[in-house]
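Student: Mind having a look at this structure? Questions to follow.
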Amino acid sequence: MNKVQINRIKDKSFGVLGLIATLSGLIILGFFIGQILHEGLNRLDMDFLKDLPSRKPEKAGIYTAWVGTLWILVMTTLFAFPLGVAAGIYLEEYAKKSKLSSLLEINISNLAGVPSIIYGLLGLEIFGRVMHLGNSLLAGSLTLALLILPIIIVATREAVRAVPNSLRMASYGLGASKWQTIWNQILPASMGGIFTGVILAISRAVGETAPLIVVGALAYVPFAPSGPMDEFTVLPIQIFNWISRPQHGFAVNAAAAIIILLGITFIMNGIAVYLRNRWQKKINW
Amino acid sequence: MSQTGHKIQSKNVDVFYGDKKALSNINLDITPNSVTALIGPSGCGKSTYLRLLNRMNDYIDTFSMTGEVLIDGQDIYSSKIEVEELRTNIGMVFQKPNPFPKSIFENVAYGLKIQGVKDKKLIANRVETALKQSALWDEVKDDLKKPALSLSGGQQQRLCIARALAVDPKIILMDEPTSALDPISTAKIEELIFELKQKYTIVIVTHNMQQAGRVSDYTAFFYMGELIEFDETTNIFTHPKEERTQNYITGRFG
């Protein structure tokens, strides 16, 4: 065999390997979703969404859990989005290159890798005890906001950095101030990337369990929360609680609740894709 | 010819990037309503000098300078100067066409918009005038809403010129404005430069000797951060005083 043939074989085998790698994840995910649907789909009806938790699996519903999840989703976004985007823009456009800024940079990347339960402990101490927010929605969403802040900052920085420098120079050259340049040129050009990062970060927050358990979210809440100071539970905690019970009926309930949780996540990812495409059209690249 | 352009003077200007000296003791007076070409081999400091005139070097972290740059007798590096205001008087055209990813109209209107101009009629008038000045109007008047990036490279560069003209500057700086363009687009831009000098003072960096010869009234030859020779273009090209100038323009080095 000559060199060309060997190279061709290498080429082909890498292609096959790549295909296997791609499929292995998808197949496992597909199998999982199939099983969940098979188990939980029959349990899903309007009553399941409207019912409060109960000791009897066929009477129990996820009303408190999904309302809690929506509250958490909205409040976490309200806290994390402006803070994260502002910090990302500051680091990219305003901060001078110095030892302090590179120290900040390294630490933000490190924070993105801190286990979520540590954030739970932090939230419990600061928001729960020092600020006396207890085990309220407010304490929970502030904790989750802290958790996803580094992800949003990193995503914002990357989106802002991807804006070509010639655009900044063109704007400055016409007498625009830094803020005018950011507002009129850099943000519109990077919004697609920022939104994608933010929504993926929030999807992660919606699926988090550990930090909320530490902060004090309850498995059993008899009423849906109606304000930020109320006690709450969320879907992942409800699922975890049901899964750990012996009766088969609760496993079916858990499968049905997982379908709802997956639905919320897929819808959010769909919105991320939609916003990104829409923004790309609007800026006429 | 009425003297509507502005006079630019440089006095004992040294520029540093960190420890590296990029320009050394530059003394140069630029005549109003003329085209001054800056020539020299890559890295000689001509673009640095150009960007000095509208303070675009400020965005380079390691940049520092000594000496004075005066426009109409006022030091543009004094603390009293508002950089944004300075730049509305000095338009800049870059090497690669860099229109904003917006419509043709929005591109030209941008400078006015950031100055806070709200009058829609006034903006529309200025956009039309600027596009006519840059000889683009006839090509784009029917689709001003089209994305600027759908234009050809040459059209994009003329759009960038229109964008600079719309805020009514007195000085126009051009950093190798035709180096990314084909010969026909280049000819159009050169024609434009020739017309624009009636109203504006133009400084242009170019690597193209023929271009310097065709469009400029004065030529400054930079080499290794120094201003070697500055004279009327005809003198520079027919009997330069310095041997290095002679060698560069005849293509013996560079």
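Student: Which of the residues spanning the stretch A:131-146 are in contact with an Asp or Glu (Cβ under 7 Å, 6 or more places away or on another chain) and assigned to a helix (DSSP H, G or I)? Before you say what the answer is, go through the steps one by one.
Tutor: Taking the stretch A:131-146 as the starting set, the residues that turn out to be in contact with an Asp or Glu (Cβ under 7 Å, 6 or more places away or on another chain) are A:135-137, A:144.
Scanning the stretch A:131-146 gives A:Leu137, A:Leu144.
Student: So, one more: Filter the stretch A:159-181 down to the residues that are among the β-branched types (Val, Ile, Thr) and part of a helix (DSSP H, G or I), then identify the one that is farthest from the other protein chains (Cβ to nearest Cβ).
Tutor: Looking only at the stretch A:159-181, we keep the residues that are among the β-branched types (Val, Ile, Thr), and these are A:160, A:163, A:181.
Going one step further and asking which of them are part of a helix (DSSP H, G or I), we end up with A:160, A:181.
Details: A:Val160: 15, A:Thr181: 9 Å.
Within the stretch A:159-181, the match that is farthest from the other protein chains (Cβ to nearest Cβ) is A:Val160.
Student: If you don't mind, another one. Which one is surrounded by the fewest Cβ atoms within 10 Å (Cβ to Cβ), of the residues in the stretch B:65-91 that are within 14 Å of another protein chain (Cβ to nearest Cβ) and assigned to a strand (DSSP E or B)? Give the derivation first.
Tutor: First, pick out the residues of the stretch B:65-91 that are within 14 Å of another protein chain (Cβ to nearest Cβ): B:76, B:81-91.
Now restrict to residues that are assigned to a strand (DSSP E or B): B:90-91.
On the way: B:Ile90: 27, B:Gly91: 29.
Out of the qualifying residues, it is B:Ile90.
Student: Within the stretch A:111-165, take every residue that is farther than 30 Å from B:Asn98 by Cα and hydroxyl-bearing (Ser, Thr, Tyr) and give me the one that is surrounded by the most Cβ atoms within 10 Å (Cβ to Cβ). Give the steps one after another, and end with the answer.
Tutor: We begin by selecting, within the stretch A:111-165, every residue farther than 30 Å from B:Asn98 by Cα; these are A:111-151.
Keeping just the survivors that are hydroxyl-bearing (Ser, Thr, Tyr) gives A:116, A:119, A:136, A:141, A:143.
Numbers: A:Ser116: 18, A:Tyr119: 24, A:Ser136: 22, A:Ser141: 27, A:Thr143: 30.
The residue in question is A:Thr143.
Student: Turning to a different aspect of this structure: Considering every residue within the stretch B:45-59, establish whether at least one is surrounded by fewer than 17 Cβ atoms within 10 Å (Cβ to Cβ) and more than 18 Å from B:Ile204 (Cβ to Cβ).
Tutor: Yes; the residues of the stretch B:45-59 include at least one that is surrounded by fewer than 17 Cβ atoms within 10 Å (Cβ to Cβ) and more than 18 Å from B:Ile204 (Cβ to Cβ).
Student: Something else now. In the list B:Leu50, B:Leu86, B:Leu70, which residue meets the criterion of being more than 19 Å from B:Pro147 (Cβ to Cβ), modelled with pLDDT of 95 or more and among the aliphatic types (A, V, I, L, M)? Lay out the reasoning, then the answer.
Tutor: Details: B:Leu86 fails: modelled with pLDDT of 95 or more; B:Leu70 fails: modelled with pLDDT of 95 or more.
Every option except B:Leu50 fails the conditions.
Student: Taking the stated definitions as given, is A:Leu187 assigned to a helix (DSSP H, G or I) and within 14 Å of A:Ala272 (Cβ to Cβ)? So that I can check it myself, show each step before the final result.
Tutor: Details: assigned to a helix (DSSP H, G or I): yes; within 14 Å of A:Ala272 (Cβ to Cβ): no.
No, not satisfied.
Student: Looking at the stretch A:182-207, which of its residues are within 12 Å of chain B (Cβ to nearest Cβ) and among the hydroxyl-bearing types (Ser, Thr, Tyr)?
Tutor: A:Ser190
Student: Considering only the stretch B:92-206, give the helices (runs of 4 or more DSSP H) lying wholly within it that have at least 3 residues that are away from chain A (no Cβ under 13 Å) and surrounded by fewer than 18 Cβ atoms within 10 Å (Cβ to Cβ).
Tutor: Values: elements: B:104-114, B:120-133, B:137-140, B:153-165, B:183-196.
Here the list reads B:120-133, B:137-140, B:183-196.
Student: Please go through the stretch A:75-130 and give me each residue that is in a loop (DSSP other than H, G, I, E, B) and of a type in the set (Ser, Thr, Tyr), ordered by number. Before you say what the answer is, go through the steps one by one.
Tutor: First, the residues of the stretch A:75-130 that are in a loop (DSSP other than H, G, I, E, B): A:95-98, A:112-115.
A:Ser98 - this is the single residue of the stretch A:75-130 that is in a loop (DSSP other than H, G, I, E, B) and of a type in the set (Ser, Thr, Tyr).
The values are calculated or read from the model by the stated rules, or taken from the named source; none is laboratory data. Computed from a predicted model, the values in this text were never measured in an experiment. Note that we place each Cβ from the backbone using ideal geometry, even for glycine, and neighbour counts take in every protein chain shown.
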